[in-house]
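This report concerns only the one structure given below.
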Amino acid sequence: MSAKSFEVRGGNLFVEGVSCVELVEKFGSPLYVYSIKALKDNINSYRKAFSKANFGVRFLYAVKANNNLTILKLIARENFGADVFSDGELYMALLAGFDRNYILFNGNSKSDEEIRMGIEAGVPFSVDSLDELKTISRIADELGREVRIAFRINPDISPDTHPKIATGLKTSKFGIPWEEVIDAYKLAVNSPGVKVAGIHCHIGSQITDVSPFVEAVKRMFEVAREIEKLGVELEFLDMGGGLGIDYEGKGAPTPSDFAEKIVPAYENGLSTIKSEPELWLEPGRSIIGNTAVLLTRVNSVKRAYKNFVAVDAGFNLLIRPAMYDAYHKVAVANKMDKREEEVYTIVGPICESGDVLARDRRLPKVEKGDIIAVFDVGAYGFSMSSQYNGRRRCAEVLVDGERAYTIRERERYSDLIANQLIPTDLF
Ligand code: LLP
């Protein structure tokens, strides 16, 4: 977390120049709060990390991590491209103003309608199967368009991360199996409406050891060398996203640690091929993850089997702990200067025993009305939220210095029934 984005003043947690207590008073609880400074710091550290590369580098922000339109617009104006995984993400990325030449349409199960939409928008595609290649070729041909494509390849690399977010394993649903990659490219170069432009892989997420990425770079160049023999000129090699962040305070590689290993490996690879493909990266979490806190008010404290602190946000607003056993730091935002004296388990309001945000944490004495801050929730936080249990999604606020902007309003009760129709015949 960048020091000046989140700091303690007078016993209270501040996001830049605004106290969390004030934010909750003004905007209500629960509340997602983003620091614009933290976002800019992350973007700049990626840029700086790769500034010395003697080849082209392009960053495609992974929209799935956080698709708030204001956030997308802030990232788009930094000359980032976008990785989109659905028609909806494509819609949002176009609206946010990302350059369509660098909006990569990813996805392992695109419908014909989504493919048509992507082709009409003129974006490049990452192709996940031969069936998809055929569909793209047919529709592009019908529309008289030429689509730049890469295959998503499965490099069969096993990074040390949660099994639900490791995607480059042989057993994963993603990508063209390693043994079939070259045949797939042979088919693509002979397909109408399609121009082979790149190679794509994404080995997983929350990866805190850089070596699997270096391994993946080597694999990508193995493919590059083979497909150049087919007369292909490569425009990009896309290494996907996946760089982890430091959720637990145990350390994680920074973009510069990442670049330090990746850049020489890439340069090495380039010396073995004829074309000069740009390096594309698709960071999500490492751009937006540490920029936000979730503020949630304590409704009650109960001494039972454990000391339970029941707050007003649950897995409806942050599913990562329930889904991946993810660890997020927590603090009592209005008692930052108090001694940590008791161990608490923070639970949400959802009617499921798995609705636990944080287990066995030593905190200052917690009382009803306190505000718990859950850290590092910018990525896969709000974007994975739901209305389960009839809970309206909360507001999102962006802080810039002393100013706080609402970038999404709290949902209304009517949002809980939006788009529902009641057949009048039945009543
Ligand atoms: N590119 C592709 C093709 C992806 O599938 C993903 C993430 C990314 C880029 C961005 O990866 P990142 O830099 O954010 O690690 N919900 C899970 C993470 C799922 C990641 C899915 N794909 C979580 O909360 O940990």
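Please verify whether the stretch 120-130 includes one or more residues that are away from the ligand (no atom under 16 Å from the Cβ), closer than 16 Å to Asp183 by Cα, at pLDDT 95 or above and not in a strand (DSSP E or B).
Our first condition is that a residue be away from the ligand (no atom under 16 Å from the Cβ); within the stretch 120-130, this holds for 120-122, 130.
Going one step further and asking which of them are closer than 16 Å to Asp183 by Cα, we end up with 130.
Of the ones still in play, those that are also at pLDDT 95 or above are 130.
This time we only want the ones that are not in a strand (DSSP E or B), so: 130.
Yes, the conditions are met somewhere in the stretch 120-130.
Please work out if Leu74 is in contact with a Leu (Cβ under 8 Å, 6 or more places away or on another chain) and more than 22 Å from Ile372 (Cα to Cα). Outline the logic, then answer.
Working: in contact with a Leu (Cβ under 8 Å, 6 or more places away or on another chain): yes; more than 22 Å from Ile372 (Cα to Cα): yes.
So Leu74 passes the test.
Counting just the residues of the stretch 316-330 that are touching a residue at least 60 places away in the same chain (Cβ under 8 Å) and under 18 Å from Asp360 (Cβ atoms), which one comes out surrounded by the most Cβ atoms within 10 Å (Cβ to Cβ)? Going through the qualifying residues, I end up with Leu318. Here is the figure for the stretch 295-310: residues that are more than 15 Å from Leu363 (Cβ to Cβ) and in contact with a Pro (Cβ under 6 Å, 6 or more places away or on another chain) total 0. Of Val196, Val293, all but one fail to be under 30 Å from Asn316 (Cβ atoms) and assigned to a strand (DSSP E or B); the exception is Val293. Of all residues in the stretch 373-393, those satisfying the criterion of being crowded, with 19+ Cβ neighbours inside 10 Å, part of a loop (DSSP other than H, G, I, E, B) and more than 13 Å from the ligand (Cβ to nearest atom) are Arg391, Arg393.
Only one of the numbered conditions (1) touching a Gly at 6+ places or on another chain (Cβ under 8 Å); (2) within 15 Å of the ligand (Cβ to nearest atom); (3) of a type in the set (S, T, N, Q) is violated by Ser137, and that is (2). Can you give me the number of residues within the stretch 164-183 that are part of a strand (DSSP E or B) and within 11 Å of the ligand (Cβ to nearest atom)? The number of residues fulfilling the criteria is 1.
Among the listed residues Ser300, Ser353, Ser286, Ser275, which satisfies the condition of being in a strand (DSSP E or B) and either at pLDDT 95 or above or more than 16 Å from the ligand (Cβ to nearest atom) (or both)? Lay out the reasoning, then the answer.
Details: Ser353 fails: in a strand (DSSP E or B); Ser286 fails: in a strand (DSSP E or B); Ser275 fails: in a strand (DSSP E or B).
Criteria check complete, one pass: Ser300.
Within the stretch 250-260, can one find any residue that is surrounded by 16 or more Cβ atoms within 10 Å (Cβ to Cβ), more than 28 Å from Lys329 (Cα to Cα) and in contact (Cβ under 8 Å) with a residue 40 or more places away in the chain? No: the stretch 250-260 contains no residue that is surrounded by 16 or more Cβ atoms within 10 Å (Cβ to Cβ), more than 28 Å from Lys329 (Cα to Cα) and in contact (Cβ under 8 Å) with a residue 40 or more places away in the chain.
Which members of the stretch 311-323 meet the condition of being touching a Pro at 6+ places or on another chain (Cβ under 9 Å) and either in a strand (DSSP E or B) or of a type outside the set (A, V, I, L, M, F, W, C) (or both)? Residues satisfying the conditions are Val311, Asp312, Gly314, Asn316.
Conditions tested, residue by residue: (1) among the hydrophobic types (A, V, I, L, M, F, W, C); (2) at pLDDT below 95; (3) in contact with a strand residue (DSSP E or B) (Cβ under 8 Å, 6 or more places away or on another chain).
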site	(1), (2), (3)
Glu7	no, no, yes
Val15	yes, no, yes
Val18	yes, no, yes
Val21	yes, no, yes
Val24	yes, no, yes
Leu31	yes, no, yes
Ile36	yes, no, yes
Lys40	no, no, no
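Among residues that are more than 16 Å from the chain's Cα centre (by Cα), among the hydroxyl-bearing types (Ser, Thr, Tyr) and not in a loop (DSSP other than H, G, I, E, B), Ser109 is not included.
Checking each residue in the stretch 324-350 for being within 16 Å of the ligand (Cβ to nearest atom) and in a loop (DSSP other than H, G, I, E, B) picks out Asp325, Ala326, Tyr327, His328, Lys329. Condition check for Met220 on (1) within 29 Å of Asn44 (Cα to Cα); (2) within 16 Å of the ligand (Cβ to nearest atom); (3) within 20 Å of the chain's Cα centre (by Cα); (4) not polar (S, T, N, Q): one failure, at (3). Among residues of the stretch 106-134 that are free of Cβ contacts under 8 Å to residues at least 24 places away in the same chain, those with a beta-carbon under 6 Å from a residue that is assigned to a helix (DSSP H, G or I) and away from the ligand (no atom under 16 Å from the Cβ) at least six positions away or on a different chain give the pairs Gly122/Arg100. If the condition is being closer than 27 Å to Gly314 by Cβ and either surrounded by fewer than 21 Cβ atoms within 10 Å (Cβ to Cβ) or in contact with a Ser or Thr (Cβ under 7 Å, 6 or more places away or on another chain) (or both), then the stretch 25-38 contributes Glu25, Lys26, Phe27, Gly28, Ser29, Pro30, Tyr34, Ser35, Ala38.
The values are calculated or read from the model by the stated rules, or taken from the named source; none is laboratory data. This one's a predicted model, so the numbers in the text were calculated from it and none came from an experiment. Glycine gets a Cβ as well: all are built from the backbone with ideal geometry, and neighbour counts include every protein chain shown.
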